[in-house]
1. Give me a count of the residues in region 70-103 that are buried (at least 16 other Cβ atoms within 10 Å of the Cβ) and either assigned to a loop (DSSP other than H, G, I, E, B) or over 15 Å from the mean Cα position of the chain (by Cα) (or both).
2. Do we have any residue at all in region 151-169 that's surrounded by 17 or more Cβ atoms within 10 Å (Cβ to Cβ), modelled with pLDDT of 90 or more and assigned to a loop (DSSP other than H, G, I, E, B)?
3. Just one of the numbered conditions (1) at pLDDT 95 or above; (2) over 28 Å from TYR55 (Cα atoms) is not true of GLN104; which one?
4. Quick check on my filter: what residues within region 58-67 are crowded, with 22+ Cβ neighbours inside 10 Å and either more than 14 Å from SER170 (Cβ to Cβ) or touching a helix residue (DSSP H, G or I) at 6+ places or on another chain (Cβ under 7 Å) (or both)?
5. For region 112-130, state whether one or more residues are closer than 19 Å to ALA164 by Cβ and charged (D, E, K, R).
Amino acid sequence: MLWGGHGGGLELRKRASGAMALRGRFPYGKAAVLSDGGRTGRPKKEVIAPRAFAYRIDRPEEDIHFLVGHSYDRPLASRGAGTLIFNDTDEALLFEAIITEEMQEVSYVRDFLSGFAAGLIMGLSPGFRIPPKRAVEEAETIEDEGYDPENGAHNAIIRTVHHALLYEVSAVTRPAYDDAQIEERNWTPQQVWPVTPKPQMRWRA
């Protein structure tokens, strides 16, 4: 499983029913620094291309989860349960999740809400896999930023993800991407947009 991420603001509100609603936004086309290269290596950056997650998002029968810290043992909502809705745009992947009253009674959910209230869990990170070459020939590309004459060193290596299989989005403490938002608010669902792999190493130093 590959994990990307972003930071943002969180706002928590309850509906009259007692459920809590969360709205999230994962931006496309923004570079995240996955590694600074250390003392001798080169920085590595990652960009998620617009609608890179479309394959599973566009198939409503494909279940996708909203988790705490990429842990399937700590689910908050899911599309299969009818509590997670996506809207994919050219600018960002948007989602709305409902944390039901029953789920709010679960210990790890209370821990998450406490961490959010303390400002400690403020990021969002997608969990995805790259499809095999037999399915998508060029699901990702890698580019060289080139040589920087000012500091006499090579710039970052940039990986762009064009097609990926999205399995979950997670609330995290330290995301890689900066330009995104997660908001908790009152919400009544109006529309459902049409829309556990084995872990693997992430592209990192």
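1. Qualifying residue count, region 70-103: 8.
2. Yes: one or more hits.
3. It is condition (1) that GLN104 fails.
4. ILE64, the sole residue that qualifies.
5. yes
The values are calculated or read from the model by the stated rules, or taken from the named source; none is laboratory data. Just so it is clear, the model here is predicted, and its values are computed rather than measured. Cβ coordinates were reconstructed from backbone atoms using ideal geometry, including for glycine residues, and neighbour counts include every protein chain displayed.
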